[in-house]
Amino acid sequence: MNILIQNGIIITMQNKKIIRQGAIAIEDKTIVEVGKTSKLKRKYGRGYEKIDAKGKVVIPGLINTHQHAAMSLLRGYADDLPLQEWLEKWIWPIEKHVTAHDVYIGALLTAIESIMGGTTTVNTMYHYTPEENEAKAFADAGLRGVIGHVCFSWRKNEDRNALEDLAKNWHNKADGLIRVSVDPHAPYTVDPEYMKELKEIREKLNAKYSPEKAPLICHIHVAETSDETEKIRTAFNIQFKDGVMAYLDSLGVLDERVVAAHCVALTDRDVGIMKKRKVKVSHNPISNLKLASGISPVPKMLRKGITVSLGTDSPCSNNTADMFEIMKTTAIIHKGINKNPTLMPAEQVLEMATIEGAKALSWENEIGSIEVGKKADLSIINLKKPHLCPIYNEASHLVYVARASDVETVIINGRIVMENRKLTMLNIEKVMDMVEKAKNNLLSKLNANVK
Ligand SMILES: [Zn+2]
(Lines give C-alpha, C1' and ligand atoms only; values in the text may rest on other atoms or scores of the structure.)
Protein backbone atom coordinates (compact mmCIF):
# COMPACT_ATOMS: atom_id res chain seq x y z
CA MET A 1 0.00 0.00 0.00
CA ASN A 2 1.12 3.57 -0.68
CA ILE A 3 0.51 6.19 2.00
CA LEU A 4 0.92 9.96 2.23
CA ILE A 5 0.99 11.42 5.73
CA GLN A 6 0.45 15.16 5.51
CA ASN A 7 0.23 18.40 7.53
CA GLY A 8 2.10 16.94 10.51
CA ILE A 9 5.06 17.97 12.62
CA ILE A 10 7.69 15.44 11.57
CA ILE A 11 10.32 14.71 14.23
CA THR A 12 12.77 12.89 11.98
CA MET A 13 15.46 11.98 14.58
CA GLN A 14 17.90 12.50 11.72
CA ASN A 15 20.33 15.27 12.67
CA LYS A 16 17.64 16.80 14.94
CA LYS A 17 15.62 17.84 11.87
CA ILE A 18 11.98 18.83 12.47
CA ILE A 19 9.67 19.55 9.54
CA ARG A 20 6.54 21.60 10.23
CA GLN A 21 3.62 21.27 7.82
CA GLY A 22 5.50 18.14 6.92
CA ALA A 23 4.64 15.10 4.85
CA ILE A 24 5.96 11.56 4.45
CA ALA A 25 5.41 9.47 1.33
CA ILE A 26 5.47 5.71 1.80
CA GLU A 27 5.55 3.15 -0.99
CA ASP A 28 5.11 -0.45 0.05
CA LYS A 29 7.34 -0.84 3.13
CA THR A 30 9.63 2.09 2.53
CA ILE A 31 9.77 5.85 3.12
CA VAL A 32 10.33 7.36 -0.33
CA GLU A 33 10.18 11.10 0.45
CA VAL A 34 10.07 13.40 3.46
CA GLY A 35 9.40 17.13 3.07
CA LYS A 36 6.87 19.93 3.10
CA THR A 37 3.23 18.98 2.55
CA SER A 38 2.83 21.63 -0.17
CA LYS A 39 5.44 19.89 -2.27
CA LEU A 40 4.64 16.23 -1.59
CA LYS A 41 0.88 16.71 -2.00
CA ARG A 42 1.35 17.54 -5.66
CA LYS A 43 3.66 14.64 -6.28
CA TYR A 44 1.85 11.84 -4.44
CA GLY A 45 -1.82 12.26 -5.32
CA ARG A 46 -3.85 9.40 -6.67
CA GLY A 47 -3.17 5.89 -5.38
CA TYR A 48 -1.91 7.09 -2.00
CA GLU A 49 -3.99 6.62 1.12
CA LYS A 50 -3.97 9.99 2.89
CA ILE A 51 -3.46 10.41 6.61
CA ASP A 52 -4.07 13.92 7.91
CA ALA A 53 -1.65 14.63 10.75
CA LYS A 54 -2.77 18.21 11.45
CA GLY A 55 -2.15 19.04 15.11
CA LYS A 56 -0.14 15.84 15.47
CA VAL A 57 3.49 14.83 15.65
CA VAL A 58 4.95 11.98 13.65
CA ILE A 59 7.91 10.20 15.21
CA PRO A 60 9.90 7.09 14.33
CA GLY A 61 8.25 4.19 16.18
CA LEU A 62 9.68 3.67 19.66
CA ILE A 63 12.15 0.80 20.11
CA ASN A 64 11.98 -1.28 23.28
CA THR A 65 15.32 -3.07 23.62
CA HIS A 66 14.56 -5.34 26.58
CA GLN A 67 11.39 -7.36 27.01
CA HIS A 68 10.19 -10.84 27.89
CA ALA A 69 6.98 -10.45 25.92
CA ALA A 70 5.29 -13.72 26.90
CA MET A 71 5.48 -12.81 30.58
CA SER A 72 2.50 -10.48 30.33
CA LEU A 73 0.54 -13.57 31.41
CA LEU A 74 2.16 -13.15 34.84
CA ARG A 75 1.69 -9.39 35.14
CA GLY A 76 1.01 -8.59 38.78
CA TYR A 77 1.37 -12.24 39.86
CA ALA A 78 4.20 -11.44 42.28
CA ASP A 79 5.42 -7.97 43.22
CA ASP A 80 7.45 -6.26 45.92
CA LEU A 81 10.10 -8.98 46.34
CA PRO A 82 13.91 -9.12 45.96
CA LEU A 83 15.08 -10.30 42.48
CA GLN A 84 16.38 -13.74 43.51
CA GLU A 85 13.39 -14.64 45.70
CA TRP A 86 11.03 -13.26 43.05
CA LEU A 87 12.60 -15.45 40.35
CA GLU A 88 13.21 -18.62 42.35
CA LYS A 89 10.13 -18.76 44.57
CA TRP A 90 7.52 -17.18 42.35
CA ILE A 91 8.31 -16.73 38.66
CA TRP A 92 10.29 -19.87 37.82
CA PRO A 93 7.86 -22.31 39.58
CA ILE A 94 4.81 -21.02 37.71
CA GLU A 95 6.75 -20.72 34.44
CA LYS A 96 7.28 -24.51 34.53
CA HIS A 97 3.60 -24.82 33.60
CA VAL A 98 3.68 -22.32 30.74
CA THR A 99 2.87 -24.03 27.43
CA ALA A 100 3.95 -23.01 23.91
CA HIS A 101 0.41 -21.72 23.38
CA ASP A 102 0.66 -19.59 26.55
CA VAL A 103 3.89 -18.08 25.22
CA TYR A 104 2.12 -17.15 22.00
CA ILE A 105 -0.84 -15.58 23.79
CA GLY A 106 1.32 -13.65 26.26
CA ALA A 107 3.44 -12.29 23.43
CA LEU A 108 0.31 -11.30 21.49
CA LEU A 109 -0.88 -9.27 24.48
CA THR A 110 2.48 -7.52 24.79
CA ALA A 111 2.50 -6.88 21.05
CA ILE A 112 -0.90 -5.20 21.31
CA GLU A 113 0.11 -3.12 24.31
CA SER A 114 3.36 -2.12 22.59
CA ILE A 115 1.67 -1.04 19.37
CA MET A 116 -0.99 0.90 21.29
CA GLY A 117 1.82 2.77 23.04
CA GLY A 118 3.64 3.74 19.86
CA THR A 119 6.32 1.05 20.07
CA THR A 120 7.11 -0.52 16.71
CA THR A 121 10.09 -2.75 17.56
CA VAL A 122 10.58 -4.99 20.59
CA ASN A 123 13.66 -6.98 21.54
CA THR A 124 12.38 -9.97 23.50
CA MET A 125 14.05 -12.85 25.32
CA TYR A 126 12.05 -15.95 26.19
CA HIS A 127 11.82 -19.71 25.74
CA TYR A 128 11.44 -20.68 22.09
CA THR A 129 9.41 -23.65 20.97
CA PRO A 130 8.86 -24.54 17.32
CA GLU A 131 5.06 -25.05 17.65
CA GLU A 132 4.01 -21.65 18.92
CA ASN A 133 6.22 -18.80 20.00
CA GLU A 134 6.81 -15.06 20.34
CA ALA A 135 7.97 -14.75 16.72
CA LYS A 136 4.62 -15.96 15.43
CA ALA A 137 2.77 -13.65 17.82
CA PHE A 138 4.72 -10.57 16.68
CA ALA A 139 4.31 -11.49 13.02
CA ASP A 140 0.56 -11.96 13.53
CA ALA A 141 0.32 -8.56 15.25
CA GLY A 142 2.45 -6.87 12.59
CA LEU A 143 5.01 -5.84 15.21
CA ARG A 144 8.72 -5.71 14.38
CA GLY A 145 10.91 -7.66 16.74
CA VAL A 146 14.10 -9.42 17.62
CA ILE A 147 13.13 -12.78 19.07
CA GLY A 148 15.61 -14.58 21.28
CA HIS A 149 15.82 -17.97 22.88
CA VAL A 150 17.08 -17.75 26.46
CA CYS A 151 19.87 -20.19 27.28
CA PHE A 152 20.86 -21.76 30.61
CA SER A 153 23.69 -24.14 31.57
CA TRP A 154 21.19 -26.76 32.74
CA ARG A 155 19.61 -27.36 29.34
CA LYS A 156 22.34 -27.04 26.73
CA ASN A 157 21.06 -29.60 24.25
CA GLU A 158 17.56 -28.22 24.30
CA ASP A 159 18.99 -24.71 23.73
CA ARG A 160 21.19 -25.78 20.81
CA ASN A 161 18.21 -27.28 19.00
CA ALA A 162 15.95 -24.34 19.81
CA LEU A 163 18.51 -21.82 18.50
CA GLU A 164 18.98 -23.68 15.23
CA ASP A 165 15.23 -23.96 14.71
CA LEU A 166 14.55 -20.34 15.65
CA ALA A 167 17.22 -18.99 13.31
CA LYS A 168 16.21 -21.25 10.44
CA ASN A 169 12.50 -20.49 10.64
CA TRP A 170 12.44 -16.89 11.74
CA HIS A 171 15.59 -14.90 11.06
CA ASN A 172 14.80 -12.12 8.61
CA LYS A 173 11.35 -13.60 8.03
CA ALA A 174 7.75 -12.29 7.95
CA ASP A 175 8.60 -9.66 5.31
CA GLY A 176 11.75 -8.72 7.21
CA LEU A 177 9.78 -7.91 10.41
CA ILE A 178 11.37 -10.61 12.52
CA ARG A 179 15.02 -11.09 13.39
CA VAL A 180 16.56 -13.48 15.85
CA SER A 181 19.04 -13.39 18.72
CA VAL A 182 21.08 -15.83 20.82
CA ASP A 183 20.38 -15.06 24.48
CA PRO A 184 22.60 -16.32 27.30
CA HIS A 185 20.34 -15.61 30.32
CA ALA A 186 23.05 -14.04 32.51
CA PRO A 187 26.69 -14.57 33.49
CA TYR A 188 25.61 -16.35 36.71
CA THR A 189 23.29 -18.88 35.00
CA VAL A 190 25.50 -19.61 31.96
CA ASP A 191 28.88 -21.17 32.73
CA PRO A 192 32.04 -19.79 31.12
CA GLU A 193 32.44 -22.63 28.60
CA TYR A 194 28.80 -22.41 27.51
CA MET A 195 29.05 -18.64 27.27
CA LYS A 196 31.91 -19.10 24.77
CA GLU A 197 30.00 -21.80 22.91
CA LEU A 198 26.97 -19.53 22.55
CA LYS A 199 29.13 -16.92 20.86
CA GLU A 200 30.36 -19.59 18.45
CA ILE A 201 26.78 -20.69 17.81
CA ARG A 202 25.82 -17.08 17.07
CA GLU A 203 28.65 -16.79 14.57
CA LYS A 204 27.70 -20.05 12.89
CA LEU A 205 24.03 -19.10 12.66
CA ASN A 206 25.01 -15.71 11.26
CA ALA A 207 27.09 -17.35 8.56
CA LYS A 208 24.27 -19.75 7.73
CA TYR A 209 21.09 -17.68 7.95
CA SER A 210 21.94 -14.02 8.00
CA PRO A 211 22.18 -11.67 5.05
CA GLU A 212 25.07 -9.25 5.48
CA LYS A 213 22.96 -6.32 6.64
CA ALA A 214 20.58 -8.20 8.93
CA PRO A 215 22.76 -9.63 11.68
CA LEU A 216 21.66 -12.08 14.32
CA ILE A 217 22.59 -10.48 17.66
CA CYS A 218 23.20 -11.47 21.29
CA HIS A 219 20.85 -10.33 24.08
CA ILE A 220 21.91 -10.88 27.70
CA HIS A 221 21.27 -9.58 31.23
CA VAL A 222 24.49 -8.10 32.66
CA ALA A 223 25.32 -6.58 36.07
CA GLU A 224 21.68 -6.26 37.10
CA THR A 225 22.49 -6.34 40.82
CA SER A 226 25.56 -5.49 42.89
CA ASP A 227 26.07 -9.10 44.07
CA GLU A 228 26.38 -10.48 40.53
CA THR A 229 30.17 -10.97 40.69
CA GLU A 230 29.68 -12.99 43.89
CA LYS A 231 26.92 -15.04 42.26
CA ILE A 232 29.23 -15.92 39.34
CA ARG A 233 32.08 -16.90 41.68
CA THR A 234 29.79 -19.13 43.75
CA ALA A 235 27.96 -20.71 40.80
CA PHE A 236 31.06 -21.74 38.87
CA ASN A 237 33.74 -21.73 41.57
CA ILE A 238 35.89 -19.24 39.70
CA GLN A 239 37.92 -16.28 40.82
CA PHE A 240 38.18 -13.02 38.95
CA LYS A 241 38.98 -9.47 39.82
CA ASP A 242 36.95 -6.44 38.84
CA GLY A 243 33.45 -6.38 37.36
CA VAL A 244 31.12 -8.55 35.32
CA MET A 245 31.96 -6.94 31.96
CA ALA A 246 35.66 -7.51 32.61
CA TYR A 247 34.84 -11.16 33.35
CA LEU A 248 32.82 -11.53 30.12
CA ASP A 249 35.62 -9.84 28.18
CA SER A 250 38.09 -12.37 29.58
CA LEU A 251 35.93 -15.04 27.89
CA GLY A 252 36.12 -13.18 24.58
CA VAL A 253 32.36 -12.95 24.15
CA LEU A 254 31.84 -9.18 23.93
CA ASP A 255 31.42 -7.37 20.61
CA GLU A 256 29.29 -4.76 18.84
CA ARG A 257 26.40 -7.22 18.39
CA VAL A 258 25.88 -7.66 22.14
CA VAL A 259 22.92 -5.90 23.79
CA ALA A 260 23.47 -5.92 27.56
CA ALA A 261 20.34 -5.28 29.59
CA HIS A 262 20.52 -3.39 32.89
CA CYS A 263 24.25 -2.65 33.39
CA VAL A 264 23.56 -1.33 36.89
CA ALA A 265 26.58 -2.54 38.87
CA LEU A 266 29.54 -1.57 36.69
CA THR A 267 33.11 -0.73 37.60
CA ASP A 268 35.02 2.00 35.77
CA ARG A 269 37.00 -0.73 34.04
CA ASP A 270 33.75 -2.36 32.89
CA VAL A 271 32.66 0.92 31.27
CA GLY A 272 36.02 1.22 29.49
CA ILE A 273 35.69 -2.34 28.18
CA MET A 274 32.15 -1.70 26.93
CA LYS A 275 33.39 1.31 24.98
CA LYS A 276 36.28 -0.67 23.53
CA ARG A 277 34.15 -3.67 22.52
CA LYS A 278 31.24 -1.44 21.35
CA VAL A 279 28.79 -3.28 23.63
CA LYS A 280 25.26 -1.82 23.44
CA VAL A 281 23.20 -1.11 26.54
CA SER A 282 19.49 -1.47 27.27
CA HIS A 283 18.64 0.78 30.21
CA ASN A 284 15.60 -0.43 32.18
CA PRO A 285 15.07 2.18 34.90
CA ILE A 286 11.59 1.14 36.05
CA SER A 287 12.46 -2.55 36.43
CA ASN A 288 15.66 -1.62 38.26
CA LEU A 289 13.73 0.65 40.63
CA LYS A 290 10.90 -1.83 41.19
CA LEU A 291 13.27 -4.70 42.00
CA ALA A 292 15.46 -2.29 44.00
CA SER A 293 18.48 -3.28 41.93
CA GLY A 294 19.89 0.25 41.81
CA ILE A 295 20.36 2.87 39.13
CA SER A 296 22.57 2.34 36.10
CA PRO A 297 25.38 4.90 35.56
CA VAL A 298 23.86 6.03 32.27
CA PRO A 299 25.32 9.57 32.12
CA LYS A 300 28.80 8.09 32.57
CA MET A 301 28.27 5.60 29.74
CA LEU A 302 26.86 8.29 27.47
CA ARG A 303 29.86 10.55 28.19
CA LYS A 304 32.09 7.68 27.08
CA GLY A 305 30.15 7.46 23.79
CA ILE A 306 28.52 4.09 24.53
CA THR A 307 25.19 3.39 22.77
CA VAL A 308 22.50 3.38 25.46
CA SER A 309 18.95 2.44 24.45
CA LEU A 310 15.80 1.98 26.54
CA GLY A 311 13.78 -1.03 27.62
CA THR A 312 10.80 -1.79 29.81
CA ASP A 313 11.90 -5.30 30.88
CA SER A 314 9.17 -7.86 31.46
CA PRO A 315 5.53 -7.11 32.24
CA CYS A 316 6.21 -8.70 35.67
CA SER A 317 8.98 -6.36 36.71
CA ASN A 318 7.66 -3.07 35.33
CA ASN A 319 4.60 -3.86 34.96
CA THR A 320 3.72 -2.21 31.64
CA ALA A 321 5.20 -2.07 28.15
CA ASP A 322 4.90 1.73 28.14
CA MET A 323 7.95 3.40 26.60
CA PHE A 324 6.62 6.88 27.43
CA GLU A 325 6.90 6.03 31.13
CA ILE A 326 10.42 4.76 30.48
CA MET A 327 11.42 7.98 28.71
CA LYS A 328 10.14 10.18 31.51
CA THR A 329 11.70 8.03 34.23
CA THR A 330 15.03 8.02 32.37
CA ALA A 331 14.97 11.78 32.00
CA ILE A 332 14.27 12.43 35.68
CA ILE A 333 16.05 9.79 37.79
CA HIS A 334 19.54 10.62 36.57
CA LYS A 335 18.92 14.31 37.25
CA GLY A 336 17.73 13.40 40.73
CA ILE A 337 20.48 11.09 41.89
CA ASN A 338 23.22 13.24 40.34
CA LYS A 339 21.60 16.46 41.59
CA ASN A 340 22.07 17.88 38.11
CA PRO A 341 19.00 19.07 36.13
CA THR A 342 21.01 19.47 32.92
CA LEU A 343 21.60 15.71 32.60
CA MET A 344 19.55 13.65 30.15
CA PRO A 345 17.71 16.40 28.27
CA ALA A 346 14.47 15.43 26.49
CA GLU A 347 16.02 15.38 23.01
CA GLN A 348 18.68 12.94 24.13
CA VAL A 349 16.16 10.64 25.81
CA LEU A 350 14.02 10.64 22.66
CA GLU A 351 17.10 9.57 20.70
CA MET A 352 17.66 6.72 23.16
CA ALA A 353 14.10 5.50 22.53
CA THR A 354 14.44 5.65 18.73
CA ILE A 355 17.68 5.88 16.77
CA GLU A 356 19.90 4.65 19.62
CA GLY A 357 17.52 1.70 20.06
CA ALA A 358 17.95 0.88 16.39
CA LYS A 359 21.74 1.01 16.80
CA ALA A 360 21.53 -1.24 19.87
CA LEU A 361 19.77 -3.87 17.76
CA SER A 362 22.19 -3.38 14.81
CA TRP A 363 19.15 -2.36 12.76
CA GLU A 364 19.87 1.35 12.19
CA ASN A 365 20.19 0.90 8.43
CA GLU A 366 16.41 0.28 8.31
CA ILE A 367 14.73 1.78 11.39
CA GLY A 368 15.09 4.39 14.15
CA SER A 369 14.61 7.60 12.15
CA ILE A 370 12.36 9.06 9.45
CA GLU A 371 14.63 9.04 6.43
CA VAL A 372 14.26 8.23 2.76
CA GLY A 373 15.09 4.58 2.19
CA LYS A 374 14.29 3.43 5.71
CA LYS A 375 11.33 1.21 6.57
CA ALA A 376 8.14 3.09 7.40
CA ASP A 377 7.85 2.46 11.17
CA LEU A 378 5.99 5.51 12.47
CA SER A 379 3.85 6.64 15.38
CA ILE A 380 1.45 9.54 15.11
CA ILE A 381 0.64 11.31 18.37
CA ASN A 382 -2.28 13.64 18.84
CA LEU A 383 -1.21 16.83 20.61
CA LYS A 384 -4.65 18.40 20.73
CA LYS A 385 -5.32 17.47 24.32
CA PRO A 386 -5.41 19.58 27.49
CA HIS A 387 -2.34 17.95 29.05
CA LEU A 388 -0.29 18.58 25.89
CA CYS A 389 -1.30 22.22 25.52
CA PRO A 390 0.33 24.66 24.78
CA ILE A 391 3.36 23.54 22.79
CA TYR A 392 6.74 25.22 22.92
CA ASN A 393 8.92 22.19 22.36
CA GLU A 394 7.70 18.87 20.96
CA ALA A 395 10.54 16.75 22.36
CA SER A 396 9.81 18.09 25.85
CA HIS A 397 6.15 17.09 25.53
CA LEU A 398 6.97 13.64 24.15
CA VAL A 399 9.28 12.84 27.05
CA TYR A 400 7.69 14.66 30.00
CA VAL A 401 3.98 14.80 29.16
CA ALA A 402 2.73 12.40 26.48
CA ARG A 403 1.17 9.07 27.46
CA ALA A 404 0.87 5.82 25.57
CA SER A 405 -2.84 6.55 25.10
CA ASP A 406 -2.01 9.73 23.14
CA VAL A 407 -0.67 7.57 20.29
CA GLU A 408 -3.31 7.55 17.60
CA THR A 409 -2.00 5.75 14.53
CA VAL A 410 0.92 3.36 14.11
CA ILE A 411 2.55 2.17 10.90
CA ILE A 412 5.04 -0.71 10.85
CA ASN A 413 6.86 -1.85 7.71
CA GLY A 414 4.54 0.41 5.69
CA ARG A 415 1.40 -1.23 7.06
CA ILE A 416 -1.14 0.59 9.23
CA VAL A 417 -1.36 -1.63 12.33
CA MET A 418 -3.38 0.85 14.40
CA GLU A 419 -5.59 3.60 13.00
CA ASN A 420 -7.29 6.07 15.33
CA ARG A 421 -6.57 3.61 18.18
CA LYS A 422 -8.19 0.67 16.38
CA LEU A 423 -5.96 -2.32 15.70
CA THR A 424 -6.14 -3.56 12.13
CA MET A 425 -4.48 -6.96 12.58
CA LEU A 426 -5.97 -8.36 15.80
CA ASN A 427 -9.15 -8.45 17.82
CA ILE A 428 -8.25 -7.09 21.26
CA GLU A 429 -11.27 -8.57 23.06
CA LYS A 430 -10.48 -12.02 21.72
CA VAL A 431 -6.85 -11.83 22.82
CA MET A 432 -7.84 -10.66 26.33
CA ASP A 433 -10.26 -13.60 26.62
CA MET A 434 -7.47 -16.00 25.63
CA VAL A 435 -5.18 -14.39 28.23
CA GLU A 436 -7.78 -14.80 31.00
CA LYS A 437 -8.21 -18.46 30.07
CA ALA A 438 -4.43 -19.04 30.03
CA LYS A 439 -4.09 -17.40 33.46
CA ASN A 440 -6.77 -19.66 34.97
CA ASN A 441 -5.15 -22.75 33.44
CA LEU A 442 -1.77 -21.77 34.86
CA LEU A 443 -3.15 -21.22 38.34
CA SER A 444 -5.01 -24.54 38.38
CA LYS A 445 -1.89 -26.41 37.24
CA LEU A 446 0.19 -24.68 39.91
CA ASN A 447 -2.35 -25.46 42.64
CA ALA A 448 -2.64 -29.10 41.55
CA ASN A 449 1.14 -29.31 41.78
CA VAL A 450 1.23 -27.81 45.29
CA LYS A 451 -1.38 -30.30 46.58
ZN1 LIG B 1 15.03 -9.05 31.76
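A quick yes/no check of all residues on (1) closer than 14 Å to Leu426 by Cβ; (2) not hydroxyl-bearing (Ser, Thr, Tyr):
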{"position": "Leu108", "(1), (2)": "yes, yes"}
{"position": "Ile112", "(1), (2)": "yes, yes"}
{"position": "Thr124", "(1), (2)": "no, no"}
{"position": "Pro130", "(1), (2)": "no, yes"}
{"position": "Ala137", "(1), (2)": "yes, yes"}
{"position": "Leu143", "(1), (2)": "yes, yes"}
{"position": "Phe152", "(1), (2)": "no, yes"}
{"position": "Lys156", "(1), (2)": "no, yes"}
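In region 188-207, of all residues being open to solvent by 30 Å² or more (accessible area, probe 1.4 Å) and charged (D, E, K, R), the one that is farthest from Lys231 (Cα to Cα) corresponds to Lys204.
Contact map, region 233-254: first residue within 21 Å of Ala360 (Cβ to Cβ) and open to solvent by 50 Å² or more (accessible area, probe 1.4 Å), second residue polar (S, T, N, Q) and assigned to a loop (DSSP other than H, G, I, E, B), Cβ cut-off under 7 Å, separation 6 or more or different chains; the map is empty.
Within region 167-187, track down each residue that is touching a helix residue (DSSP H, G or I) at 6+ places or on another chain (Cβ under 7 Å) and surrounded by 15 or more Cβ atoms within 10 Å (Cβ to Cβ).
Residues satisfying the conditions are Ala167, Trp170, His171, Ala174, Leu177, Ile178, Val180, Val182, Pro184, Pro187.
Counting only residues that are more than 16 Å from the ligand (Cβ to nearest atom), modelled with pLDDT of 95 or more and either among the charged types (D, E, K, R) or not in a loop (DSSP other than H, G, I, E, B) (or both), region 235-267 holds 11 of them. In region 307-329, of all residues being open to solvent by 10 Å² or more (accessible area, probe 1.4 Å) and not in a loop (DSSP other than H, G, I, E, B), the one that is farthest from the ligand (Cβ to nearest atom) corresponds to Lys328.
When Gly373, Gly414, Gly357 are screened for being of a type outside the set (A, V, I, L, M) and surrounded by 22 or more Cβ atoms within 10 Å (Cβ to Cβ), only Gly357 passes. Of the listed requirements (1) crowded, with 24+ Cβ neighbours inside 10 Å; (2) hydroxyl-bearing (Ser, Thr, Tyr); (3) not in a loop (DSSP other than H, G, I, E, B), Ser38 misses just one: (1). Entry remark, region 294-306: residues being open to solvent by less than 20 Å² (accessible area, probe 1.4 Å) and touching a strand residue (DSSP E or B) at 6+ places or on another chain (Cβ under 9 Å) number 4 in total. Residues in region 268-277 include none that are away from the ligand (no atom under 16 Å from the Cβ), open to solvent by 10 Å² or more (accessible area, probe 1.4 Å), assigned to a loop (DSSP other than H, G, I, E, B) and over 18 Å from Gln67 (Cα atoms).
The values are calculated or read from the model by the stated rules, or taken from the named source; none is laboratory data. Quantities reported herein were computed from a predicted structural model and do not represent experimental measurements. No Cβ is skipped: glycine too gets one built from the backbone with ideal geometry, and neighbour counts run over all protein chains shown. With ligands, DNA and RNA removed, areas are computed over all heavy atoms of the protein, side chains included. Shrake-Rupley method; radii C 1.70, N 1.55, O 1.52, S 1.80 Å.
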